[in-house]
Amino acid sequence: MNPVFRSAILYNPDEVPDGAGILETVSRIVAEQLPNADPLTIHKVAHKQEALEQILTQLADEDQVSLLVTIGGIGPMGHAPDATQAICNKLFPGFGTILRQTALPTNPAATLWRNTAGLRNQTLIVNLPDSLDAIQTGFPLLFPAIPNAIRLAGGKVV
């Protein structure tokens, strides 16, 4: 029997302009890259730092999610990177760098993104932008590192 690989998405529907398209795209990419994973669970949350920290901590510690993706809230006024940095044991800023670099040719605002990634115990948290194009081009590029990061943290990878 394969180990259970659980993943989740956090987003604020009021701040994500193409919420349905983005959720579908992220779900499809995770399913393609991790074909034996359980379907993603989707959580709507206000992008306030305290609320984000609380639900990120709950999903990591209590629900033991292996991959936790936040969508949006990464600009100068966003709170997703701050919440991620506040609760993680280790940070992986290279994840955000890859996303910014791939988005920059078509989205100059990517220079203002502060997205990051990090580990909270066995959970890898990745901050994604709310740009469908940036997710389609950049998110798949992270997958060579995602299973390894989770494995190093002692999490379950399929």
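The values are calculated or read from the model by the stated rules, or taken from the named source; none is laboratory data. The model shown is predicted, which means the values in this text are computed figures rather than measured ones. We place every Cβ from the backbone using ideal geometry, glycine too, and count neighbours over all the protein chains shown. Surface accessibility is based on the protein's heavy atoms, side chains included, excluding ligands, DNA and RNA. Shrake-Rupley method; radii C 1.70, N 1.55, O 1.52, S 1.80 Å.
Among the criteria (1) crowded, with 16+ Cβ neighbours inside 10 Å; (2) among the hydrophobic types (A, V, I, L, M, F, W, C); (3) in contact with a helix residue (DSSP H, G or I) (Cβ under 8 Å, 6 or more places away or on another chain); (4) assigned to a helix (DSSP H, G or I), the one residue 149 does not fulfil is (3).
Yes or no, residue by residue, for (1) in contact with a Cys (Cβ under 6 Å, 6 or more places away or on another chain); (2) small (Gly, Ala, Ser); (3) over 18 Å from residue 28 (Cα atoms); (4) open to solvent by less than 50 Å² (accessible area, probe 1.4 Å):
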{"site": "85", "(1), (2), (3), (4)": "no, no, yes, no"}
{"site": "88", "(1), (2), (3), (4)": "no, no, yes, yes"}
{"site": "128", "(1), (2), (3), (4)": "no, no, no, yes"}
{"site": "143", "(1), (2), (3), (4)": "no, no, no, yes"}
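If you check 51, 110, 103, 117 for being closer than 18 Å to residue 15 by Cβ, small (Gly, Ala, Ser) and either touching a Cys at 6+ places or on another chain (Cβ under 9 Å) or modelled with pLDDT under 95 (or both), only one passes: 51. Taking the criterion of being among the β-branched types (Val, Ile, Thr) and over 14 Å from residue 80 (Cα atoms), the residues of the stretch 94-123 that qualify are 97, 98, 102, 106, 111, 123.
Contact map, the stretch 125-136: residues that are within 21 Å of residue 87 (Cβ to Cβ) and in contact (Cβ under 8 Å) with a residue 40 or more places away in the chain paired with residues that are in a strand (DSSP E or B) and of a type outside the set (A, V, I, L, M), Cβ distance under 6 Å, separation 6+ or inter-chain. Pairs shown: 125/118; 127/70. Only helices (runs of 4 or more DSSP H) whose full extent lies in the stretch 4-118 are considered here, and the ones with at least 2 residues that are aliphatic (A, V, I, L, M) and within 14 Å of residue 138 (Cβ to Cβ) are 19-33, 93-103. Only a single item in (1) crowded, with 16+ Cβ neighbours inside 10 Å; (2) at pLDDT 95 or above is not met by residue 132, and it is number (2).
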